[in-house]
Amino acid sequence: MDVLPPHFMTDPVPGFDGMVHCRIVEAVEPARLVYTWKGGPIDTVVSWTLTPLDGNRTLLRLKQDGFRPEDEQTRQVLEQGWRQKAPRTLSLVVASLM
């Protein structure tokens, strides 16, 4: 099922070399994508879910589960990254489809 590279690079920080290892665990076109996210001290699962709404709108839910209590600082950093980067990247993807 994996069609994407099994890893990607992001910015390294102390304790993390920037390498994220992924494996697609669920893909339901066009509604859901779930993959593992393993890098540095964390081993989590990322889920993207699309839900049609009234009119020509779609709700996107992004969730990253599996953080341990000792991962709280990393969780906060990743949450900030998702909030900053995902909307910008998604806007570019949508614009390229139109």
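The values are calculated or read from the model by the stated rules, or taken from the named source; none is laboratory data. Keep in mind that what you see is a predicted model, and the values were worked out from it rather than measured. Positions of Cβ are generated from backbone atoms using ideal geometry, with glycine treated the same way; all protein chains shown enter the neighbour counts.
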Task: segment 40-49 - residue that is over 13 Å from the mean Cα position of the chain (by Cα) and buried (at least 16 other Cβ atoms within 10 Å of the Cβ) and, of those, nearest to Asp17 (Cα to Cα) - done: Gly40
- [ ] From Lys38, Lys63, grab the single residue that is touching a His at 6+ places or on another chain (Cβ under 7 Å), charged (D, E, K, R) and part of a strand (DSSP E or B).
- [x] Lys38
Task: The listed residue being under 18 Å from Pro6 (Cα atoms) and of a type in the set (Val, Ile, Thr), out of Val34, Val94, Val77 - done: Val34
Task: Members of segment 48-70 that are farther than 19 Å from Tyr35 by Cα and either at pLDDT below 90 or not hydrophobic (A, V, I, L, M, F, W, C) (or both) - done: Pro52, Asp54, Gly55, Asn56, Arg57, Thr58, Pro69, Glu70
Open item on the list: So, in segment 84-98, how many residues would count as being outside any helix (DSSP H, G or I) and surrounded by 10 or more Cβ atoms within 10 Å (Cβ to Cβ)?
Closed with: 0
Task: Residues (closer than 17 Å to Pro14 by Cα and modelled with pLDDT under 90) located in segment 75-84 - done: Val77, Leu78, Gly81
TODO: Return a yes/no flag: does segment 47-55 have any residue that is of a type in the set (Ser, Thr, Tyr), part of a strand (DSSP E or B) and in contact with a Phe, Trp or Tyr (Cβ under 8 Å, 6 or more places away or on another chain).
DONE: no
Task: Residue count, segment 50-76 (criterion: surrounded by 13 or more Cβ atoms within 10 Å (Cβ to Cβ) and over 11 Å from the mean Cα position of the chain (by Cα)) - done: 6
Task: Given (1) assigned to a loop (DSSP other than H, G, I, E, B); (2) touching a Leu at 6+ places or on another chain (Cβ under 8 Å); (3) at pLDDT 90 or above; (4) not aromatic (Phe, Trp, Tyr), number of the condition Pro30 does not satisfy - done: (3)
- [ ] Considering only residues that are in contact (Cβ under 8 Å) with a residue 12 or more places away in the chain and either in contact with a His (Cβ under 7 Å, 6 or more places away or on another chain) or of a type in the set (S, T, N, Q) (or both), look in segment 41-58 and name the one that is farthest from Val28 (Cα to Cα).
- [x] Thr44
